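Since the structure comes first, as structure tokens, the remarks are kept for the end.
Quick note: the coordinates plus some simple rules give every number you see, no bench work behind them. These numbers come from a predicted model, not from an experiment. Neighbour counts are summed over all protein chains in view; Cβ atoms, including those assigned to glycine, are modelled from backbone coordinates with ideal geometry.
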Amino acid sequence: MLNPVELFVGLRYLRAKRRTKFVSFITLISLMGISLGVAALIVILSVMNGFEGELRSRLLSMSAHGSVAAADGSTEDWKSVLDKVTAEPGVTAAAPFIQMEGMIQSGRDLVAVLVHGVEPGYERELSGDMINMVEGSLDVLQPGERSIILGRMLAYDLGARIGDSVVLLVPKPVGDGTLRPVLERFVTRGIFEAGLQDHDAVLALVHADDVAAILELDAAVGSIRFRAEDVMAAPAIARSLQEKLGSDYASSDWTIENGSYFRAIRLEKMMMSLILSLIIGVAAFNIVASLVMVVTDKTTDIAVLRTLGMGPQGVVKIFFVQGAIIGWAGVAIGVILGVVLAINVPTIVPVLEQFFGFQIMPGDVYYVTKIPSELEVRDVLVIAISAFVLTSLATLYPARRAALVNPAAALRYE
């Protein structure tokens with residue numbers, strides 16, 4: 001425990017005399033460096049969390065949180081399976097789904113397409129307002145009418161407008177293991193925008209009955225997709241459904257289907273954290289350097305304190321107080337500054353863009369035109385505790401060096 005003498009002397013050494021102005025300048029630089037590093041870490045991780053949340057919402061705008069399908073890929077009695085999925089705790093909605101790959105043609109343009117066969121009634125409950133319909137609505141998808149809704153970029157690439165005919169070329173397996181091309185004509189009845197290149201440029205929506213007729217699935221569907229009340233609980237729900245439905249069915253969730261995207265973001269967050277942690281590391285070394293200079297300057301004072309009866313541990317505590325206050329003050333300022341900036345990133349960035357006359361994320365290049373930010377308490381706590389520990393450890397070497405001062409040698413020529 002600290003006694004009043006050790007605390008008083010440690011605080012007294014923080015005040016600069018005329019001959020120690022340079023040491024105090026280094027101390028100030030150390031404090032600013034720690035504050036800057038901690039604030040930068042909090043802001044960058046909050047922005048990365050924001051981008052991760054934005055990516056997750058856009059990825060899931062045209063897909064569900066999880067799915068259940070028969071092991072052979074054809075779910076026959078899909079209505080009973082859908083009832084079981086809907087009854088699972090945590091599931092808010094479920095819908096049948098069929099996926100079909102092929103090519104789509106309008107005029108002379110022929111591009112790849114991924115067709116989603118959906119039931120509008122069920123799909124509306126599943127996706128709700130997650131599907132941003134630019135033109136038309138899901139109600140235009142009626143069985144037998146050969147209506148199709150195209151992604152915005154896909155419609156742009158094809159030059160297709162509402163009312164234009166498009167031709168789907170679908171490879172269909174035949175009995176001898178070969179593929180037979182099937183041509184089907186559809187009419188463009190709507191255009192949607194998911195806000196993600198992978199969706200807008202390749203996806204098309206068709207009624208599930210029309211897809212089933214093309215693939216000759218009769219009354220079967222490919223899978224049952226579901227949406228969870230909590231998106232993070234989807235993996236647990238998928239595992240629970242797998243156990244209840246047995247080995248005849250296979251379950252999946254969004255973390256498996258889109259795992260590569262989120263692994264890339266986690267890797268970027270880790271690398272950014274390591275790089276920005278170097279700022280705190282450099283500031284901690286500055287604390288070591290400034291305290292070593294203080295110890296050198298205060299050698300005589302230390303010797304006097306030792307002759308007055310203060311033990312080596314007392315000397316260690318004096319310089320620990322000095323270094324810890326520098327480090328902890330820097331961390332506290334950095335946390336406050338970082339939290340304020342992270343919360344106000346969406347407000348600050350437009351001001352900076354207007355001041356400097358450029359847009360960080362232009363709309364003609366990126367789907368996300370605003371810098372998102374999601375402040376997580378866990379990130380703030382980890383950064384603050386890590387910085388506290390690092391700055392506290394930085395005081396140990398100078399403090400131990402001060403404790404090793406020999407009073408007799410220090411006062412010999414005084």
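Taking other C-beta atoms within 10 angstrom as a stand-in for reagent exposure, 340, 288, 68, 140 fall in the order 340, 288, 140, 68, fewest first. In this Cβ point-charge picture (+1 for Lys and Arg, -1 for Asp and Glu), region 72-246 has a dipole of about 240 debye about its Cα centre.
Once you reduce region 79-102 and region 320-362 to the center of their Cα atoms, the two points are 45 Å from each other. Shown in residue order for region 178-183 are the 3J(HN,Hα) couplings computed by the Karplus curve 6.51 cos²θ - 1.76 cosθ + 1.60 at θ = phi - 60°: 8, 10, 10, x, 10, 9 Hz (x for Gly and Pro). Could you give the distance between the Cα centres of region 231-260 and region 31-48, to the whole Å? Here the two parts' Cα centres lie 37 Å apart. Taking the Cα atoms of region 173-234, the ratio Rg/Rh between the radius of gyration and the Kirkwood radius comes to 1.05. In region 94-153, a dipole from Cβ-located charges (positive for Lys and Arg, negative for Asp and Glu) runs towards its positive end, and of 95, 105, 134 it is 105 whose Cα lies farthest in that direction. Distances between placed amide hydrogens fall under 5 Å for residue 142 paired with 147, all partners being 5 or more residues away or on another chain.
With neighbour counts taken as other beta-carbon atoms within 10 Å, the residues 358, 226, 285, 186 rank, fewest first, as 358, 285, 186, 226. Remark on residue 228: its backbone amide H falls under 5 Å from those of 65, 92, a criterion applied only to residues 5 or more positions apart or on other chains, H modelled at 1.01 Å from N. Among the trypsin sites (Lys or Arg not before Pro) within region 65-130, those in coil by DSSP and having at most 14 neighbouring Cβ atoms inside 10 Å are 108.
Of the residues 44, 265, 191, 287, the one with the fewest other Cβ atoms within 10 Å heads the list, and the complete ranking is 265, 44, 191, 287.
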